[in-house]
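Visitor: After the C-alpha cells below, expect a handful of questions from me.
The values are calculated or read from the model by the stated rules, or taken from the named source; none is laboratory data. All of these numbers come straight from a predicted model, not from anything done at the bench. Don't worry about glycine lacking a Cβ; one is built from the backbone with ideal geometry, like all the others, and counts go over all protein chains shown.
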Amino acid sequence: MIEAIKSDEIVHKLGGRFKLCALVQKRWVEILNGARPLVERRGRSDLEVVIDEVLQGKVSIDYEKTPAVTRPEEALGRTA
C-alpha cells in the first residue's frame, strides 16, 4: 500500500508531493487523535489506512477552508 504514494498518479491527483504529504500528515494526526477511518482497517497500520483513504478519494484538500498565505511583513502588521 505504501508503494502507492510513489506513483505519479496520486501526486498529480492532489497537485504535488508537498500537498500529498501535508494531506497525509493532517489525516494521520486526526486518526491518531481518535478519528474513525473512512475505509476498513483490515489489519493495516494507520498510515496505510490514510493512504487508502487518499487513493479512494475519501479525503482531500479543502481549498475553501485553507487560510490564505500572507507575506511575513503583513503577518507582523508592517507594510512595505
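Visitor: Does E73 count as among the acidic types (D, E), part of a loop (DSSP other than H, G, I, E, B) and at pLDDT below 75?
Guide: no
Visitor: Kindly establish whether L14 is of a type in the set (A, V, I, L, M, F, W, C) and modelled with pLDDT of 85 or more.
Guide: no
Visitor: Note down all Cβ pairs under 8 Å where the first residue falls in segment 3-17 and is free of Cβ contacts under 8 Å to residues at least 24 places away in the same chain, the second is of a type in the set (D, E, K, R), and they're at least six residues apart or on different chains.
Guide: The qualifying pairs are V11/R17.
Visitor: Restricting to segment 33-54, name every residue that is surrounded by 10 or more Cβ atoms within 10 Å (Cβ to Cβ), over 11 Å from the mean Cα position of the chain (by Cα) and of a type outside the set (D, E, K, R).
Guide: Of everything in segment 33-54, those that are surrounded by 10 or more Cβ atoms within 10 Å (Cβ to Cβ), over 11 Å from the mean Cα position of the chain (by Cα) and of a type outside the set (D, E, K, R) turn out to be A35, P37, L38, V39, S45, L47, V49.
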